[in-house]
Amino acid sequence: MPSEKRLSKEIDAKVPTAARMYDFYLGGKDNYAADRQAVEELDKVVPSTRRLALNNRRFLARVVKTLAEDYGIRQFLDHGSGLPTQDNVHQVAQRIAPDSRVIYVDNDPMVLVHGRALLDQNDRTAVIHADMRSTDEIFDHADTRRLIDFSRPVGVLFNSVFHCIPDSDTDGPQAVVRRVAERLVPGSCAVMCQLVSEDAEVRDSVTRFMDDATHGNWGRVREPRDVDALFEGMEILEPGLVEVSTWRPDNEVAPRQLTQEWIEYGGVGRLA
């Protein structure tokens, strides 16, 4: 079992983070000049990224709504949740079922500060400062034990986060998914997507850029087949594993990802 990750509790405004860059793409205000500069440079490499981020956020709202409405999921564990924005997981789920419970997990100390401020008046939600790879720490945390009943199905979310961690036999995406799945009951669902590209040059250039920008706090842009492997042994919900703007869109004119230089690719797997 991997050791728990040591996290900094200090916010470093000079080093960009994926959470704050994502916040800027979504129109948020919880970011710094370093994050905005990194976004500007990233857009030169992959100009479609703002649309990609917006479509990914819409996917998250649709998938949580689907799990709550159609599959009766009432508890969610959101790994790498990022900074609070509009239509957070608890807001989507609690509109459908007010008793829904949500644990947010992130290793960015800024997420902890802003998340706890937002959720202070909501006793069915909590924010945990932890690395998404620290499964034991997350599952055994006092807030998790207080809010999540693991004898019942859980929706575990790994939404646009696996590209932030490198490959590893003990800490890579497949190892994390395996550890989490072992602790869930049948009927639980795993939402997983990440940045992928069929273009090796795009994969390499973006991976190098983000690794440099975040001082090594990055994994890599992968291929679709790498994401496919994460769902091994699960029942994949319709429409399968896809570019996420095409996953059960709200209507025929819903925004789509028009360019294919890189995409968010994934879907939902159900544990049998």
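The values are calculated or read from the model by the stated rules, or taken from the named source; none is laboratory data. What you see is a predicted model, and the numbers here were worked out from it, not measured in a lab. Note: ideal-geometry Cβ built from the backbone for every residue, glycine included; neighbour counts use all protein chains shown.
Okay, here's what the table says:
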item: Failed item, numbered, when Val102 is tested on (1) part of a helix (DSSP H, G or I); (2) more than 30 Å from Glu201 (Cα to Cα); (3) of a type outside the set (Lys, Arg); result: (1)
item: Residue match in region 33-48 (condition: basic (Lys, Arg), out of contact with any Cys (no Cβ under 7 Å at 6 or more places or on another chain) and farther than 16 Å from Ala19 by Cβ); result: yes
item: Checking Asp108 against (1) over 15 Å from Tyr22 (Cβ atoms); (2) buried (at least 16 other Cβ atoms within 10 Å of the Cβ); (3) more than 12 Å from the chain's Cα centre (by Cα), the condition it does not meet; result: (1)
item: Considering residues of region 179-217 that are in a loop (DSSP other than H, G, I, E, B) and of a type in the set (Asp, Glu) only, the residue farthest from Leu157 (Cα to Cα); result: Asp199
item: Residue identified as surrounded by 14 or more Cβ atoms within 10 Å (Cβ to Cβ) and of a type in the set (Val, Ile, Thr) among Val202, Val185; result: Val202
item: Residue check for Arg152: in a loop (DSSP other than H, G, I, E, B), touching an Asp or Glu at 6+ places or on another chain (Cβ under 7 Å) and in contact (Cβ under 8 Å) with a residue 60 or more places away in the chain; result: no
item: In region 56-102, the residues that are surrounded by fewer than 23 Cβ atoms within 10 Å (Cβ to Cβ), of a type outside the set (D, E, K, R) and at pLDDT below 90; result: Pro84, Thr85, Gln86
item: Qualifying residue in region 57-75 (condition: in contact (Cβ under 8 Å) with a residue 24 or more places away in the chain, assigned to a strand (DSSP E or B) and not acidic (Asp, Glu)); result: yes
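For every residue, the table says whether it meets (1) of a type outside the set (Gly, Ala, Ser); (2) under 17 Å from Arg146 (Cβ atoms); (3) touching a residue at least 60 places away in the same chain (Cβ under 8 Å).
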{"position": "Pro98", "(1), (2), (3)": "yes, no, no"}
{"position": "Asp106", "(1), (2), (3)": "yes, no, yes"}
{"position": "Pro109", "(1), (2), (3)": "yes, no, yes"}
{"position": "Asp120", "(1), (2), (3)": "yes, yes, no"}
{"position": "Val127", "(1), (2), (3)": "yes, yes, no"}
{"position": "Ala130", "(1), (2), (3)": "no, yes, yes"}
